[in-house]
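These notes are about the structure you will find just below.
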Amino acid sequence: MAAIVQKYGGTSVGSIERLQAVAERVAKTAKTGQPVVVVVSAMGKTTDSLVQMAKEIAATPCRREMDMLLSTGEQVSIALLSMALQELGQPAISMTGAQVGIVTEATHSRARILQIQTDRLERHLNDGKVVVVAGFQGIALGENLEITTLGRGGSDTSAVALAAALKADRCEIYTDVPGILTTDPRLVSDAQLMDEITCDEMLELASLGAKVLHPRAVEIARNYGVTLVVRSSWTDDLGTRVIAPERMPRKLEGLELVHPVDAVEFDADQAKVAMLRVPDRPGVAATLFGEIGRQSVDVDLIVQSIHEGNTNDIAFTVTKGSLKHAEAVAQAIVPALSPDPATCQTEVLVDREIAKVSIVGAGMIGRPGVAAQMFSTLGQAGINIQMISTSEVKVSCAIDAADGDRAIAALCEVFDVQMSSVRERDPDAEATVDAEEKPPAVRGVALDRNQVRLAILQIPDRAGMAARIFQLLAKNTISIDTIIQSQRCRVVNNSPTRDIAFTISEADVDSGRELLEPLLKEMGCGGLVIDRNIAKVSVVGSGMIGQPGVAAKMFAALAQEKINIQTISTSEIKISCLIAEEDGVKALKAVHTAFGLSGSNTVGVRA
Ligand code: ASP
Ligand code: MG
């Protein structure tokens, strides 16, 4: 029988009583005859206390010694839990990461798992023992055997990696919340428990989901098709199933080092509508996309770049077949957008000759260079990027349709993936999807208040410019989120320029500025504007693909609260808006309610 892996977090093993309760639960599963591997975290806030102790000795303690120190936390829990199981008459044995053979790279404090040896584990399981494994740690092979840790929250990753290596039936993550909620319950009291969510949705909800589940754990589950369940340690409730796509068998060597990109996608059936100089005030995007949604035109990418003066540019893509219709709607709406039609400067431009090329893969998370590599690959091939859309698992660029073949070839080569089939939309296939089976358009809503927006003005509009900027940041391990390139092309000193805005985490702002300023001068850019007062609100759901009106509903909810949308960016399953920070919680509540996610079930969250 296939094994089951159960992981218990720090709070779940936070005291002797709780450890004993966990032992009872584990023993109950083991009684059914199914082999059980248990992964545990350090008890309660042990890891934090250990970090604190180190800080009292050194401001920046040596990373090797930190791993030596932090790995002890889990060692306490595994020994105690094994004893508790033995007291219940359940044979059990504890093992450290090194004893199991959880082999990692030799990078202290954030090692990735390379391989897991299963023979020792399996021998104990065959003897009828529960094996209790220390989470968060591994061993790097080489001249010296080094104890490594996987990064904070890494026990989830240990558990899912073990499940992948053992080809386990499923991996259950036991925690102090009932599962994955539709939004952050500390900000929105009527957040609801989700029954299920896909791995991709979970990854896109990073700022919401990462608190519950280590993103690297979700990445492994997605890549190896591990069935994951997140549930409460205190109840028998079912929790949330995190659904992994079915996978071709994949080799287990280099477990976490698999290609960051696993596909290049190409969509030739795209056309662009750009609206230049629309007024910058609440309700404009809602009016525009509301009308487009009412006309049942399905919009794919939407990009609203940073405002210039008191106007914005909004660009979106639709299928070629609906371009005429979309253009007509956009033209018709122009007078309604401006309070005084006489001074209205809005202009609608269309481009039939575009295509969308995307790179896809869960491994982009935490590897800042991947988007930059895409841009530089396109740049080197002399391909100009017209629109950029980035999300956690996908980067898409709208390019000239004529460049399509070259773009695919160059990207497949650089990312070492097979030539992906060219995706032409098949309307019949979409129509046959049963409405009942369709996942909800929006599964969850997240608010991220730790981002700062950087805007680079007047970048020369030539191939390769975005690449230089993002490569420099990537080289210095600064992760970028939500890149937005303006539509408006401004001619400065006889050459066309565009603006690019993006967000980075607060902690990276100062080093980011120091890095960028000299480069921007050298490139002849206009300047760098930093805005710390922003928040990002995002909706995520795989059901939004092919369903008109989802963006409109989000924008309308914000408009009703009189919240101005500063920028918009989308991926296939996510729509994000940057807004003023002080509007963040209000926006989150409004959007959560608008999609019918709030409910009356109180979701107990126990500390
Ligand atoms: N004990 C480690 C931490 O607190 C790992 C974990 O709990 O997942 O980050
Ligand atoms: Mg955790």
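Bear in mind these aren't lab numbers, they're just calculated from the coordinates by the rules spelled out. The structure presented is a predicted model; accordingly, all values stated were derived computationally and were not measured. So basically every Cβ, Gly included, is an ideal-geometry build from the backbone, and we count neighbours across all protein chains shown.
A few comments on the model shown:
- Note on the range 132-191: the C-alpha convex hull projects to 6.1 nm² when averaged across all orientations.
- Most to least packed among 501-510, 226-235, 388-397, 46-55 [average Cβ atoms within 10 Å]: 388-397, 226-235, 501-510, 46-55
- Among 35-44, 488-497, the peptide with the highest mean count of other Cβ atoms within 10 Å heads the list, and the full ranking is 35-44, 488-497.
- Between 0 and 90°, nearest 10: helix 323-337 axis offset from the chain longest Cα axis: 80
- Value of relative contact order over the range 1-78, rounded to a whole percent, pairs C-alpha under 8 Å and six or more apart: 36
- Cross-link reach is defined here as a Cα-Cα straight distance under 12 Å, omitting same-chain residues fewer than 8 places apart; for Lys589 the aspartates and glutamates meeting it are Asp184, Asp190, Glu561.
- Check: the range 510-575 dipole with +1 on Lys, Arg Cβ and -1 on Asp, Glu Cβ, in debye: 300
- Degrees, to the nearest 10: 584-594 long Cα axis against longest axis of the chain: 90
- Relative contact order computed over the range 481-533 (Cα-Cα under 8 Å; 6+ residues apart), in percent: 27
- With N counted as the residues of the range 287-383, its alpha-carbon radius of gyration over 2.2 N^0.38 Å works out to 1.37.
- More than 16 angstrom apart: percent of Cα pairs within the range 469-560: 67
- Summary value for the range 475-607: 21 percent relative contact order, contacts being C-alpha pairs under 8 angstrom separated by 6+ residues.
- For Lys251, a cut-off of 17 angstrom between C-alpha atoms picks up these lysines, skipping any fewer than 8 places away in its own chain: Lys167.
- Leu145 paired with Arg170, simple spin-label distance in nm, labels 7 Å along Cα-to-beta-carbon: 3.6
- Translational diffusion of the range 117-270 was estimated from the Stokes-Einstein equation, with Rh taken as the Kirkwood radius over Cα pairs; at 4 °C and 1.567 mPa s the coefficient is 76 µm²/s.
- Taking amide hydrogens as placed 1.01 Å from N in the peptide plane, the amide H of Gly444 sits under 5 Å from those of Val540, each at least 5 positions away in sequence or on another chain.
- Residue-span extension gain [Gln86 to Val350] - 0.36 nm each, minus C-alpha spacing: 87.9 nm
- Stokes-Einstein D (µm²/s) once Rh is taken as the Kirkwood radius of the chain over alpha-carbon pairs, at 20 °C in 1.002 mPa s: 84
- Too-long pairs where the Cα-Cα distance tops 20 Å, listed order kept, from Lys211/Lys553; Lys536/Lys574; Lys55/Lys475: Lys211/Lys553; Lys55/Lys475
- Take each peptide in 148-159, 327-338, count the other Cβ atoms within 10 Å of every residue, and average; sorted highest first, the result is 148-159, 327-338.
- Linear extension gain, Gln75 paired with Lys324, 0.36 nm per residue minus alpha-carbon span: 83.2 nm
- Degrees between helix 550-560 axis and first principal axis of the chain (Cα, 0 to 90, nearest 10): 80
- Most simply put, the chain has about 75% antiparallel DSSP beta bridges, counting only bridges with both residues inside it.
- √(5λ) per eigenvalue of the Cα gyration tensor, the range 361-404, largest first, Å: 20, 11, 7
- Taking amide hydrogens as placed 1.01 Å from N in the peptide plane, the amide H of Val492 sits under 5 Å from those of Thr497, each at least 5 positions away in sequence or on another chain.
- Proximal lysines to Lys320, defined as alpha-carbon separation beneath 16 angstrom and excluding residues fewer than eight positions away on the same chain: Lys272, Lys356
- Hydrodynamic estimate: the Kirkwood radius of the range 201-288 over Cα pairs, inserted into Stokes-Einstein at 10 °C and 1.306 mPa s, corresponds to D of 92 µm²/s.
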